[in-house]
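The values are calculated or read from the model by the stated rules, or taken from the named source; none is laboratory data. These figures come from a predicted structure and were not determined experimentally. Don't worry about glycine lacking a Cβ; one is built from the backbone with ideal geometry, like all the others, and counts go over all protein chains shown.
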Amino acid sequence: MGRRPFIIDCDTGTDDAIALVAAFGCEEIEVRAITSVNGNVSEPYTSRNNRNLAAHLGLNVEVAHGARHPIGPKRYDYSLTHGQTGLGDVILRDAEEYAYSKDMAPEVIRRIAAEENGNLELLVVGPMTNIAIALCLYPELKEQIRHIWFMGGAIRGGNSSTSAEFNIWVDPNAAQLVISSGIPMTMVGLDVTEKAVLNREDEQEIRSYGHNGALLSADLLNYMFVRHGGGGEDALMHDALALAAAVCPECMEYHDYFVDVVCDSIYTAGHTVVDVRNRFGKEPNVQVAVELKPEVFKTWLKSSIKNCKSI
Ligand code: RIB
Ligand code: CA
């Protein structure tokens, strides 16, 4: 496979930020743009985090604003899992000199998809609102996007409710529209991401790399460890694992299943129906990650962070 152009759509977010550092350490891909979406924190914060991170790493990449609200019923959970700003207790310089794209996320996706002649891949690690809006505005994208790699959903369980994972729970209508679009896609859900955990040793190794991307990642990991000590989520690399599916597929095992999303239930909205028993007799539409090889993933993640071309 030759040059692989990507857009990363994210609700940065502590684990999103680590995934971004890793992405800029992956020789296999060229990140054309980072697009921001409401999710972990509100969009003004997620876009500011993306801009400040790009400046902090010394990156020359397009950073665009995106959706501030889901296309479905308004559903927010700024539960401070990622802190007030979305980057925990990490403070980045406000890079006001770093200009945002003149275009919003859906237009950026349309423009770059057209430029890349069917080779554009999307890494989607927040609610799917921007992608859904882009597909509604520009239906031709269904033929122009090569693959969507997304962190979201679960075969079993949830972290926003007993049956819904956060990214899908925030905007189930967007997720259903994207997942049913026919675009080839890979789902990296909680079944594998909840096993993708780093520890203090990993943090110290990453910190030893010394560059801005490594030090930022280590500081974010430290925040996660303190959060976990206080009863919060562990240092789970949800979003970096979705990137791994794209560039280090051997980190996991996969199975093709029919997947849909529950939208209109008070109790189960955001649930991803992954038809592992082929109960509904429908053609599989998603490659679903079902098993993780933790050590293979951790080795890949640390080498990608180490290789991040940051200042
Ligand atoms: O459920 C985990 C997902 O929700 C991750 O993408 C995390 O960043 C949050 O957005
Ligand atoms: Ca995220």
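Per-structure values
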{"quantity": "Any strands (runs of 3 or more DSSP E) falling wholly within segment 1-117 and containing at least 1 residues that are surrounded by 24 or more Cβ atoms within 10 Å (Cβ to Cβ) and modelled with pLDDT under 95", "calculated": "none"}
{"quantity": "Number of positions in segment 160-172 that are away from ligand 2 (no atom under 12 Å from the Cβ) and in a loop (DSSP other than H, G, I, E, B)", "calculated": "4"}
{"quantity": "In segment 132-151, the residues that are within 17 Å of Asn119 (Cβ to Cβ), outside any strand (DSSP E or B) and not aromatic (Phe, Trp, Tyr)", "calculated": "Ala134, Glu140, Leu141, Lys142, Glu143, Gln144"}
{"quantity": "Which numbered condition Thr46 misses (of (1) farther than 17 Å from Phe166 by Cβ; (2) of a type in the set (Val, Ile, Thr); (3) out of contact with any helix residue (DSSP H, G or I) (no Cβ under 7 Å at 6 or more places or on another chain); (4) in contact (Cβ under 8 Å) with a residue 40 or more places away in the chain)", "calculated": "(1)"}
{"quantity": "Condition check for Arg200: free of Cβ contacts under 8 Å to residues at least 12 places away in the same chain and under 21 Å from Asp16 (Cα atoms)", "calculated": "no"}
{"quantity": "Scan of segment 3-43 for residues that are free of Cβ contacts under 8 Å to residues at least 60 places away in the same chain and more than 16 Å from ligand 1 (Cβ to nearest atom), ordered by number", "calculated": "Glu30, Val31"}
{"quantity": "3 or more residues modelled with pLDDT under 95: qualifying strands (runs of 3 or more DSSP E) within segment 215-311", "calculated": "none"}
{"quantity": "Complete set of residues in segment 152-204 that are basic (Lys, Arg) and more than 17 Å from the chain's Cα centre (by Cα)", "calculated": "Arg156, Arg200"}
{"quantity": "Number of the exception - Ser304 against (1) closer than 28 Å to Asp171 by Cα; (2) of a type in the set (Gly, Ala, Ser); (3) under 19 Å from the mean Cα position of the chain (by Cα)", "calculated": "(1)"}
{"quantity": "Any hit, segment 173-180, residues being surrounded by fewer than 19 Cβ atoms within 10 Å (Cβ to Cβ) and assigned to a strand (DSSP E or B)", "calculated": "no"}
{"quantity": "Scan of segment 118-131 for residues that are within 16 Å of ligand 1 (Cβ to nearest atom) and not in a strand (DSSP E or B), ordered by number", "calculated": "Val125, Gly126, Pro127, Met128, Thr129, Asn130, Ile131"}
{"quantity": "Hits in segment 102-120 (condition: in contact (Cβ under 8 Å) with a residue 60 or more places away in the chain and under 18 Å from Asn50 (Cβ atoms))", "calculated": "Ala105, Val108, Ile109, Ile112"}
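Here is a yes/no grid of residues against (1) in contact with a helix residue (DSSP H, G or I) (Cβ under 9 Å, 6 or more places away or on another chain); (2) closer than 29 Å to Pro139 by Cα:
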| site | (1), (2) |
| --- | --- |
| His65 | yes, yes |
| Lys74 | no, yes |
| Thr85 | yes, no |
| Val90 | yes, no |
| Lys102 | no, yes |
